[in-house]
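Here is the structure we will look at, set down as structure tokens.
Only the coordinates and a few stated rules stand behind these numbers; no lab work does. Nothing here was measured: the structure is a model prediction, and the numbers come from that model. Heads up, the Cβs are rebuilt from the backbone with ideal geometry, glycines too, and the neighbour counts pull from every protein chain shown.
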């Protein structure tokens, strides 16, 4: 009987932890990045290199917002692929500014210029969308009403259109 209760409690604990982990998981704090490494003459390199990646607030990487070291990054035929954030998760706060740059240091030599990060990295900010926050704190003005399967715009429109316009929820 004790064994059965203990197994049941352990099972419930595992289910609870899985549920909590799923809810907390949210947006992955990693970015897949592939690059090509060459020497000064443009010839591709191969081997293991000590590489540091940085996400910076400015184009010269004067303000580093996040950093991750890869002491033995494998490069073959000039090509490497990393999952940035796999050893040091990238906080979503890194992408709250207007522009960000990815800097790289290979064997203590800065690779210049840093590359501007495009919109994909900014998906981190979607975890706490400004629009969702606005909707969360907005007060109702009673212009829109849900009635069954329709959303109704219910307001006296003195000059344009009809007073009660229905929009089906199943668009």
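Checking the structure you have, find out if any residue of region 91-101 is exposed (fewer than 13 other Cβ atoms within 10 Å of the Cβ), out of contact with any helix residue (DSSP H, G or I) (no Cβ under 8 Å at 6 or more places or on another chain) and assigned to a strand (DSSP E or B).
No; the residues of region 91-101 include none that is exposed (fewer than 13 other Cβ atoms within 10 Å of the Cβ), out of contact with any helix residue (DSSP H, G or I) (no Cβ under 8 Å at 6 or more places or on another chain) and assigned to a strand (DSSP E or B).
Given the structure, is residue 67 surrounded by 17 or more Cβ atoms within 10 Å (Cβ to Cβ) and within 17 Å of residue 88 (Cβ to Cβ)?
Numbers: surrounded by 17 or more Cβ atoms within 10 Å (Cβ to Cβ): no; within 17 Å of residue 88 (Cβ to Cβ): yes.
Judged against the criteria, residue 67 is not a match.
Residue 40 fails exactly one of the following numbered conditions: (1) free of Cβ contacts under 8 Å to residues at least 40 places away in the same chain; (2) closer than 15 Å to residue 105 by Cα; (3) surrounded by 13 or more Cβ atoms within 10 Å (Cβ to Cβ). What is the number of that condition?
(3)
Quick one: would you say residue 91 is touching a residue at least 60 places away in the same chain (Cβ under 8 Å) and in contact with a strand residue (DSSP E or B) (Cβ under 8 Å, 6 or more places away or on another chain)?
Values: touching a residue at least 60 places away in the same chain (Cβ under 8 Å): yes; in contact with a strand residue (DSSP E or B) (Cβ under 8 Å, 6 or more places away or on another chain): yes.
For residue 91, the condition - touching a residue at least 60 places away in the same chain (Cβ under 8 Å) and in contact with a strand residue (DSSP E or B) (Cβ under 8 Å, 6 or more places away or on another chain) - is met.
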